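Asker: One structure, pasted below without further comment.
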Ligand SMILES: Nc1ncnc2c1ncn2[C@@H]1O[C@H](COP(=O)(O)OP(=O)(O)OP(=O)(O)O)[C@@H](O)[C@H]1O
Ligand SMILES: [Mg+2]
């Protein structure tokens, strides 16, 4: 494992500065992390898939900010690029997009080859431990042929080494990828764009997840604007966690 730096100007370090420098955002994500733990009080959910019904609802942003906040709080966090269609987490973190999730799913690489610790801040201040697993080199077409029960054991074992494992993913209604990945995680977090999401589509996504047996452990209402969507009863303006 090589230690790499999430350089200034790249998205992950910029997000880390935004989370670190903005108490309201940090508090919102800390509350979200706490709520995820509460929702899983009987059965701690360590590996979580972040998805949504449509593109651009904020999945990658929420996954990254959750990972950053957990790592700032001292957790060891692995953030996985599970979006094989719009892969970008690795470059956002300053990591070469080489061997990654697809090679691990195919059983062609060892986890060590695909996990890259990154430093969020150049000066080393408040450095939490955050690792990135790139999407890998193989196309999304390989997914239906994966041995998912073996993949589940592999990611269980990887999960033993981390306090929290977060999978970013493509939208549920665009492709089956997120539903397949949902089968190897402990819980699913749905991101819902307050302005764009369609209630029926969210319900349909939940129905598609049900037979998989992995619980939807929460939903984040993103891009919430009280001027447009009405006053929230929640203490945080932009994020709202609803237990399902
Ligand atoms: N709460 C927010 N406030 C302001 N901008 C946001 C917020 N959440 C996301 N964005 C912006 O919206 C855009 C889409 O966000 P993001 O890439 O996280 O969505 P996504 O669901 O991962 O999209 P895709 O389906 O393409 O993977 C980005 O430019 C991001 O910076
Ligand atoms: Mg994304």
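What follows is calculated from the coordinates using simple rules that are stated; it is not laboratory data. Nothing here was measured: the structure is a model prediction, and the numbers come from that model. A quick note on method: Cβ atoms are made from the backbone with ideal geometry, for glycine too, and the neighbour counts reach across all protein chains shown.
Asker: With each pseudo-label sitting 7 Å past Cα toward Cβ, what's the residue 199-residue 17 distance in nm, one decimal?
Answerer: It is 4.2 nm.
Asker: Between residue 147 and residue 175, what is the FRET efficiency for a Förster distance of 22 Å, r being their Cβ-Cβ separation, to the nearest 0.05? Provide the component values of the computation, followed by the final result.
Answerer: Working: r = 20 Å, r/R0 = 0.89.
After rounding to 0.05, the efficiency reads 0.65.
Asker: May I ask you to sort 59, 26, 45 by Cβ crowding, counting other Cβ atoms within 10 Å and putting the fewest first? Could the numbers behind the result be given before it?
Answerer: Details: 59 29, 26 18, 45 21.
The order, fewest Cβ neighbours first, is 26, 45, 59.
Asker: Going highest first, how would you order 64-72, 29-37, 17-25 by mean Cβ packing within 10 Å? The partial results should precede the final answer.
Answerer: Numbers: 64-72: 25.1, 29-37: 17.6, 17-25: 14.1.
Most protected by this proxy first, the peptides run 64-72, 29-37, 17-25.
Asker: Please state the relative contact order of segment 26-174 as a whole percent: Cα pairs under 8 Å, 6+ residues apart? Don't jump to the answer; show the numbers that get you there.
Answerer: On the way: 260 pairs, mean separation 55.7, N = 149.
After rounding, I find 37 percent.
Asker: Normalising by the residue count of segment 13-105, find the relative contact order in percent from Cα pairs under 8 Å and 6+ residues apart. Could the numbers behind the result be given before it?
Answerer: On the way: 48 pairs, mean separation 22.6, N = 93.
The value is 24 percent.
Asker: For residue 37 and residue 85, FRET efficiency with R0 = 30 Å and r from the beta-carbon atoms, rounded to 0.05?
Answerer: Details: r = 30 Å, r/R0 = 1.01.
Calculated transfer efficiency: 0.50.
Asker: Further, regarding this structure: Once you sort the root eigenvalues of the Cα gyration tensor of segment 126-188 as a ≥ b ≥ c, which label holds: rounded (a/c under 1.5), prolate (a/b larger than b/c) or oblate (the other case)? Walk me through the numbers before you get to the answer.
Answerer: Numbers: a/c = 1.81, a/b = 1.51, b/c = 1.19.
It comes out prolate by the Cα gyration axes.
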